[in-house]
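S.K.: Have a look at this one.
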Amino acid sequence: MAVFADYWGWHHGDMGFGWWLVMFFINIAFWGAVIYGIVWLVRGGLHRTSHRSSTPGEILDWRLASGEISVEEYERLRERLGHDGPPPGGPPSTPPGGQPAPG
């Protein structure tokens, strides 16, 4: 037991290497927590809105933009979802005859 006490600095009232090592790791943990907290607050803290749910139409628009689906499949799925016209900012729709609508 005397060897353990000498190693941890419990002998003769000094702070040996063992306590220096413990304090070093506590210091690293403290400053790591401070830096993490600052970064967390700068990035939005509790008011983060990254988990916003998308509507089916937005997901469909994203799939077309990424090339995951073709234009034909996009139009078919858009009709199935019940959307009558093209998405905002999208190309003008053509009637079933294939001729562009006057306008």
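S.K.: Going highest first, how would you order 63-69, 73-79 by mean Cβ packing within 10 Å?
M.R.: Working: 63-69: 12.0, 73-79: 15.4.
The packing order, highest mean first, is 73-79, 63-69.
S.K.: Measure off 7 Å from each Cα along the Cα-to-Cβ vector at THR55 and GLU73, then give the distance between these two points in nanometres to one decimal.
M.R.: Distance between the two pseudo-spin positions: 2.3 nm.
S.K.: Roughly speaking, what is the stretch gain from ILE38 to PHE17, that is 0.36 nm per residue apart minus the C-alpha to C-alpha distance, in nm to one decimal?
M.R.: Values: separation 21, 0.36 × 21 = 7.56 nm, distance 3.19 nm.
Using 0.36 nm per residue and subtracting the Cα-Cα distance, I get 4.4 nm.
S.K.: Which length gain, in nm to one decimal place, applies between ASN27 and ALA65 when the Cα-Cα distance is subtracted from 0.36 nm times their residue separation?
M.R.: Values: separation 38, 0.36 × 38 = 13.68 nm, distance 4.91 nm.
Stretched fully, the ASN27-ALA65 segment lengthens by 8.8 nm.
No lab work stands behind these numbers, since they all come straight from the coordinates. All of these numbers come straight from a predicted model, not from anything done at the bench. No Cβ is skipped: glycine too gets one built from the backbone with ideal geometry, and neighbour counts run over all protein chains shown.
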